[in-house]
Amino acid sequence: MSYEFTLIAGDGIGPEVTNATIRVLEATGVEIKWIPVATGAAAVAEFGTPLPDETLRTIEKTRVALKGPITTPVGHGFTSVNVAIRQALDLYVSLRPVRSIPGIKTRHEDVDLVVFRENTEGLYSGREHSPVPGVVETLRVISERACSRICKWANDFVRNEGRSKLTLVHKASIMKLSDGLFLDAFTALSDDYPFVEHEARLVDDVVRELVIDPSQFDCMVMENLYGDVLSDLCAGLVGGLGVVPGANIGDRFAVFEAVHGSAPDIAGRGIANPTALIQSSVLLLRHIGERKAADSVEQALFSVLSEGKIRTGDLGGSADTRVFTDAVIEQINRIR
Ligand code: NAI
């Protein structure tokens, strides 16, 4: 079977890590025709907008996209293209599995967590205005529908993947209405999943305890902003942003991208770690049912990383993106 998917190379290190990931996917033998679409800085230069309609229409057509990170200017400038894509395509689940990688030494061993971040609402609704000079209001939108569907998706994942526990991360003690609604939706579904252990914990409690002992947690579901912050914290538990994958999933479309951003500090130098996006491509392969290829990429990646001879700078090595990617491809060829 051959596939046709959308490719967003992205900004900064985006083209470097997407190129590496495509080479790895090619090595699996899964036939994918990529349709590249200009998005982000490249699209501003060409079309005068960072998110041309063409990008969304192409993802709608192919249903699946691989995406590099896109820079969002701080302060005035265009609003986040990443948030806009998730909202426009209703990609309401941000799935971020966070696992220790064999051979990469961190403070905690055997970290194995999954973060489900609600992707379409919260403070990222993008509704901000200035009622009077010197004052700005940002609307934190939380709807029952959005809370229920992400909680259901998370519960289904826990059950289907044979995991055990789901924690709702909230601050309903202060935000009684908005986080209260999320808590109610979470509680209402709990009876439908009798074999999943449910707990609800305050976000400040969770971040502290994650740093002290992440083994208390298994899967965690939360609103947008908490999910953004918590997934970076979790990345720090397993070796940093260079290694943690992600997927934005809705009922009809899915966009696979790493948790990290465009890393302007190292962009263009060919030294970025492609592991996070390669791991996102493992999620992509599983999403389309190519399990054997997914396993071979994961096995090859872990084998190179655990051997420890070839690693990128962020993991203490000296390999550049190409050398590291070549090593992963060599392993895939050995496994196949
Ligand atoms: P960042 O994730 O780009 O970088 C943070 C630090 O991690 C930097 O020191 C960077 O060099 C390092 N890093 C990140 N990815 C790496 C990799 N693959 N290999 C080696 N080192 C890596 O976060 P930052 O600096 O806050 O954001 C930069 C830009 O990216 C901003 O404009 C932000 O809005 C955007 N961004 C985009 C995302 C997306 O497209 N989904 C997600 C997060 C941020």
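Data overview
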item: Three-way shape call for the chain based on the alpha-carbon gyration tensor, with the a/c threshold at 1.5; result: oblate
item: 1.4 Å probe accessible area per residue over region 1-95, in Å²; result: 43 Å²
item: Region 1-66, relative contact order in percent, only Cα pairs under 8 angstrom and at least six apart counted; result: 45 percent
item: Accessible carbon and sulfur surface of region 39-110 relative to its total accessible area, %, 1.4 Å; result: 53 percent
item: Shape call, region 4-127: gyration tensor on alpha carbons, a/c limit 1.5; result: oblate
item: Kirkwood-Stokes translational diffusion coefficient of region 1-67, alpha-carbon pairs, 37 °C, 0.692 mPa s, µm²/s; result: 265 µm²/s
item: Max mean-square fluctuation residue, GNM over the chain, Cα-Cα springs under 10 Å, options Arg86, Arg117, Arg201; result: Arg201
item: Proximal lysine pairs, the chain, alpha carbons under 29 Å, eight or more residues apart or interchain; result: 19
item: Among Glu137, Glu307, Glu60, residue whose mean-square fluctuation peaks in a GNM of the chain (springs only between Cα atoms under 10 Å); result: Glu137
item: Solvent-accessible area, 1.4 Å probe, carbon plus sulfur percent, for region 292-333; result: 46 percent
item: Whole-angstrom gap from region 160-184 to region 10-31, using each part's C-alpha centre; result: 36 Å
item: Cβ-defined net charge surrounding Val158, 10 Å radius [Lys, Arg +1; Asp, Glu -1]; result: -1
item: Percent carbon-and-sulfur accessible area, region 161-224, ignoring ligands, DNA and RNA, probe 1.4 Å; result: 58 percent
item: Modelled FRET efficiency - R0 22 Å, Arg252 with Glu4, Cβ distances, 0.05 increments; result: 0.90
item: Mean shadow area of region 141-267 over all directions, Cα convex hull, nm²; result: 9.1 nm²
item: Inter-part distance where region 49-74 and region 195-217 are each reduced to a Cα centre, Å; result: 34 Å
item: Simple Cβ-charge dipole of the chain, Lys/Arg +1 and Asp/Glu -1, about Cα centre, in debye nearest 20; result: 500 debye
item: Ordering of 313-319, 166-172 by burial proxy (mean other Cβ atoms within 10 Å per residue, highest first); result: 166-172, 313-319
item: Region 36-110, relative contact order in percent, only Cα pairs under 8 angstrom and at least six apart counted; result: 22 percent
item: Sequence-separation-based contact order of the chain, relative, with Cα cut under 8 Å and 6+ spacing, percent; result: 23 percent
item: Amide H contacts under 5 Å for Val111, placed H, 5+ residues apart; result: Ser100
item: 1.4 Å probe accessible area per residue over region 143-236, in Å²; result: 46 Å²
item: Sum of -39500 (n - 2.57) over DSSP H runs of 4+, divided by residues of the chain (222 nm, nearest 500); result: -13000 deg cm²/dmol
item: Most mobile listed residue (Val74, Val83, Val44) in the chain, GNM with C-alpha springs under 10 Å; result: Val74
item: Pairwise centroid distance, computed over Cα atoms, of region 87-123 with region 235-273, Å; result: 11 Å
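The values are calculated or read from the model by the stated rules, or taken from the named source; none is laboratory data. No experiment lies behind these values; they were computed from the predicted model shown. We place every Cβ from the backbone using ideal geometry, glycine too, and count neighbours over all the protein chains shown. Each accessible area value is taken on the protein alone, full model and side chains, heavy atoms only, with ligands, DNA and RNA left out. Shrake-Rupley method; radii C 1.70, N 1.55, O 1.52, S 1.80 Å.
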